[in-house]
Structure formats: C-alpha cells, structure tokens
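Notes for the one structure printed next.
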Amino acid sequence: KANKFHYYNNPMWPGEAHSMKVEKILYQGKSEYQEILVFESSNYGKVLVLDGIVQLAEKDECAYQEMIVHLPLCSIPSPKTVLVVGGGDGGVLREISRHTSVEKIDICEIDELVIDVCKKYFPDLAVGFEDPRVQLHVGDAAEFLRNAPSGMYDAIIVDSSDPIGPAQELVERPFFETTARALRPGGVLCCMAESMWLHTHLIQDMLSICRETFKGSIHYVWTSVPTYPSGAIGFLLCSTNGTPVNFLSPINPIEKQEGALKHSRELKYYNSEIHTAAFALPTFAMKELKAY
Ligand code: AAT
C-alpha cells in the first residue's frame, strides 16, 4: 500500500483495484504535489505511479503517447506551435518531435520531481526533453493558460493525471475556455478523457463543456492501454471555429511524413487505420456519449 487511498477506495474507481507483480522498487519519494513511485514489474517493464495511480508502463506507453499526439497532429496541415499540459515523463514530447513541421513545443508540468525521476528511470521517454524545440515551464497549467496569448497554438495536448489532486482544474469549464482562447482558429485540442467503462458522467460533463466552448468538431476517441483501469482510455478531440477539421480522415497522414517514420524510435501502435478506428464507439458508449 504505497498511496493515501485504501486499495478498493480510490475515488476514480471505487470498488476495484488493479495489481501488477513488483520485482523491485526503484524509487519512492514525495514531492510538494504527490507521492511518486517507480518499480520494475514482472510483465510490463518499469512503471511510474503517482498517488497510487499507474501513469505509464514501458510495455504499453506507446498506445497512449502515440495516440494522444498523432490523432491531433495528423488532423491539421503542418502544425507549428504545440503546447503540452502535464506530460512530465517526456513521452508526449518524444512523439511530437517526429513532426518536422513543428517549430515550437511548450510544455507546462507542475511537478519538477516527476521530470527528474523520469530522466533517471525512463530515458526512452525523457529523451523528448532533448529536442531543441522544447521549452519547459514548471508550474500549474491552468495558470499558464490563463496568461497565454490568444491564438498562440496550433495544437494543445493535455496529458494530465486524473482529476483528483493537482489536475482537478484541468477538467473544469474555465480551463477549457482558456484552452480554446489559446488556440488559433482551426486549432485542435486533444485531452485525456478517462475510460468509457468507468467515467460516463465525467466524460459527459467534459463533452458538454467542450460543445459550448469549442465551435468546431468534438469527438470522444479511445485506445487500449492494458495497465490503466478497465484497460481502455479515451481522449476528447476538439477544434475551434475556423477552417473545419475533419478528424476522421487525417489531412496530414503519418505515412506521408518521412520524418515521422524515420525517427530513432519506430512507431509501435499508431497508424492511419487505428486513427480512424479510434472513433468507433461500442453501442453503450454511443448511447451515453452521443447526446452530449
Ligand atoms: N504520459 C502519461 C503520464 C501521465 S502524467 C500526468 C502529469 O500531469 C503528471 O506528471 C502530473 O504532475 C501532471 N499534472 C497534474 N496536474 C497538473 C497541472 N495542474 N498542471 C501541470 N501539470 C499537471 C498521464 C497519465 C494519465 C493516467 C490516466 N489514468
């Protein structure tokens, strides 16, 4: 028990707990914001845990990081300025760095200790920080976006932890309003949006806020991540008013970008077929989410 909640009492998934065999604890510490744990698992490689919640495992991080980045960046022509919210492990930066059109990548992560720990234990993710286009801002992303100039970004990627603790504000209306304002017309947001199996009400709330704040297209998409509760995680894809964005058939497909595929690390999960497949919802989710 390395967290402040009892096993079956995490407010994000009450009544269930998920386990992995720990081969070795590599790091345990506490920052101003959260408890940080890194362990070597028997089946999923090294695992990063914040406040008792798995944030990533080496074996399946590709599914999350590749989807949260390439779904939005392949949907707009030649993205140049990108903001990452959270993402202190660097995996999202690593994926953005495939896009040769990108000129500037801002990242706003609240917890410097997460960055330091990931640089030590997850070099295959933290390599993202080495891209010279990256500018790191340590601080609360809600505050950062309140001060961001209007129309500054082509894309904003919200790779944040669950909305208990420091990420609470990142699912609330004022955050989405400042996000929409910081995007240029026709810019896109891709935001971690939890599991369709576990978080219907939260997703409905996020969708209805986004329908009011973003005047373009809004979709809930999902991918499979075995080490996250329920094994699935979703994202909200939103575009602002401006050139319409057809997320379903990407205008900037990955296969057409030589630089993206020739990156030092091969794509393991994302391709154009899985991009389109991510929009297909099971019947129950369609019923619960389509009306919102
Ligand atoms: N790349 C997958 C890992 C994450 S990490 C999410 C990061 O968001 C953490 O490093 C956390 O410190 C940071 N964060 C939380 N709140 C804020 C904030 N207000 N401002 C800036 N950064 C913040 C995501 C995993 C998703 C797991 C889903 N269950």
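The values are calculated or read from the model by the stated rules, or taken from the named source; none is laboratory data. Quantities reported herein were computed from a predicted structural model and do not represent experimental measurements. Please note: Cβ atoms are built from the backbone with ideal geometry, for glycine as well, and neighbour counts cover all protein chains shown. Ligands, DNA and RNA are stripped out before the accessible areas are found, and what is left, the full protein with its side chains, is counted by its heavy atoms. Shrake-Rupley method; radii C 1.70, N 1.55, O 1.52, S 1.80 Å.
A few remarks follow.
- In the condition set (1) at pLDDT 95 or above; (2) touching an Asp or Glu at 6+ places or on another chain (Cβ under 7 Å), Glu112 is compliant with all but (2).
- Of all residues in region 64-97 being touching a strand residue (DSSP E or B) at 6+ places or on another chain (Cβ under 7 Å) and of a type in the set (Ser, Thr, Tyr), the one that is nearest to Gly139 (Cα to Cα): Thr81
- Whichever residue in region 164-180 is part of a loop (DSSP other than H, G, I, E, B) and within 9 Å of the ligand (Cβ to nearest atom) and, among such residues, is farthest from Met152 (Cα to Cα): Gly165
- Unmet requirement for Thr178, which otherwise passes all of (1) touching a residue at least 40 places away in the same chain (Cβ under 8 Å); (2) surrounded by fewer than 22 Cβ atoms within 10 Å (Cβ to Cβ); (3) farther than 14 Å from Ile107 by Cβ: (1)
- Subset tally (residues that are surrounded by 14 or more Cβ atoms within 10 Å (Cβ to Cβ) and closer than 22 Å to Leu73 by Cα) for region 145-172: 15
- Candidates Lys262, Lys268, Lys287: the one that is within 18 Å of Met206 (Cα to Cα) and of a type in the set (Lys, Arg) is Lys287.
- Filter result for Asp124 (assigned to a helix (DSSP H, G or I) and more than 11 Å from the ligand (Cβ to nearest atom)): yes
- Residue in region 102-109 that is open to solvent by less than 40 Å² (accessible area, probe 1.4 Å), more than 14 Å from the ligand (Cβ to nearest atom), within 28 Å of Ala277 (Cβ to Cβ) and without any contact (Cβ under 8 Å) to a residue 60 or more places away in the chain present: yes
- Strands (runs of 3 or more DSSP E) wholly inside region 182-292 containing at least 1 residues that are polar (S, T, N, Q): 218-224, 232-239
- Hits in region 11-68 (condition: within 12 Å of the ligand (Cβ to nearest atom), free of Cβ contacts under 8 Å to residues at least 60 places away in the same chain and open to solvent by 20 Å² or more (accessible area, probe 1.4 Å)): Glu35, Gly52
- You will find that of Thr200, Thr179, Thr223, the residue that is among the polar types (S, T, N, Q) and touching a Leu at 6+ places or on another chain (Cβ under 6 Å) is Thr179 and no other.
- Looking only at region 69-85, residues that are open to solvent by 10 Å² or more (accessible area, probe 1.4 Å) and either hydroxyl-bearing (Ser, Thr, Tyr) or closer than 23 Å to Lys120 by Cβ (or both) come to 2 in all.
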